[in-house]
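In what follows, a structure is listed as structure tokens, so that the remarks can point back to it.
Just so you know, all these numbers are worked out from the coordinates, no wet-lab data involved. Quantities reported herein were computed from a predicted structural model and do not represent experimental measurements. Heads up, the Cβs are rebuilt from the backbone with ideal geometry, glycines too, and the neighbour counts pull from every protein chain shown.
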Amino acid sequence: MPFLTDRMPFLTDRMPFSGASISFLTDGTPFPSDRTPIQRCRDRRIGVLRWERAVRRLTMQPESFLSRTATLPPKLNMSIAERLLTIEDYLAQPDDGRRTELVRGQIVEMNLPRPKHGKICQNIAARMFLHADEHQLGHVVSNDAAIITSRDPDTMRGADVAFYSFRRVPAGPMPDGYLDVVPEVAIEVRSPDDRWPAMLAKVAEYLNAGVEVVVVLDPDSRTARTYRPNGDIEMLGDKQTLRLPEFSPLFTVAVAALFA
């Protein structure tokens, strides 16, 4: 998601990873070849942690945080404003088979996920569905079901898996169209094409919109990271257990099982 990077130049200016290129986190440029594999892993881990601290600040104090970041030049702002779409405009677009999201009034096209991505989504969605059905908790949805995270400009994201309790969406068939409420739980599976700054910006959007917990499943590191509105961030390895009390106090799943 380029807009958050554009609005936070002070972050990219202040992340010298022992001589490594900052652009690895923003446009995929690899680290210098003289870095050892261990050093590159350490650089990547430090970069993610620093972006997570930015997410914590953005979540805890979004207005003051954004007010201290740079804004787009006036001419660019004007040109963008001329072509901003609302959610209603987005809904009226013909379905041409592309996988897209609406980000600050602009349609952003995304790559189709790999089968491994879909398998991990199914692993967590199936377990949550069976638990929710047994205990009559709410709706578990998947397949990039839309979540409206902001208005003016409008942003609508597609979560890999999400949970809406019956308190937010009553029992019975799901309504047609987009929902005007956000889920309690949003789960994203990180694809090889996903850069951490964009992923964490999406996490911050969910939390600021009212989602109670966001889970990012990372197949590369076989970890589950949980993010909450109070700034708490937890990383679980594949020998640990994921618990989601916002979904159900009784629900647990081994992290390793999600990547099986």
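For T241 and A92, FRET efficiency with R0 = 41 Å and r from the beta-carbon atoms, rounded to 0.05?
0.40
Report the far tail of the P(r) of region 170-260, meaning the percent of Cα-Cα pairs longer than 21 Å.
36 percent
Could you bin all the Cα-Cα distances of region 130-218 into 10 Å bins starting at 0 and give me the percent of pairs in each, rounded to whole numbers?
16, 51, 27, 6
Once label points are set 7 Å from the Cα along Cα→Cβ at both E134 and D220, what is their separation, rounded to one decimal in nm?
Here the modelled spin labels are 3.5 nm apart.
Which residues' amide hydrogens lie under 5 Å from the amide hydrogen of S150, considering only partners 5 or more residues apart or on another chain, with H built in the peptide plane?
Amide H to amide H, under 5 Å and 5 or more residues apart or across chains, S150 pairs with T155.
Which residues' amide hydrogens lie under 5 Å from the amide hydrogen of T223, considering only partners 5 or more residues apart or on another chain, with H built in the peptide plane?
Under 5 Å from the amide H of T223: D218.
What whole-number value in cubic angstrom gives the convex hull volume per residue for the C-alpha atoms of region 135-182?
Per residue, the Cα convex hull of region 135-182 comes to 73 Å³.
Please list, in order along region 192-203, the HN-Hα scalar couplings obtained from phi with the Karplus expression 6.51 cos²θ - 1.76 cosθ + 1.60 (θ = phi - 60°), rounded to whole Hz, x for Gly and Pro.
These are the phi-based 3J(HN,Hα) values: x, 7, 7, 8, 4, x, 5, 5, 6, 5, 5, 4 Hz.
Amide H neighbours of V103 under 5 Å, counting only residues 5+ apart in sequence or on other chains, H built in-plane at 1.01 Å?
V108, M156
So, by mean Cβ neighbours within 10 angstrom, what's the order for 157-167, 192-202 with the highest one leading?
157-167, 192-202
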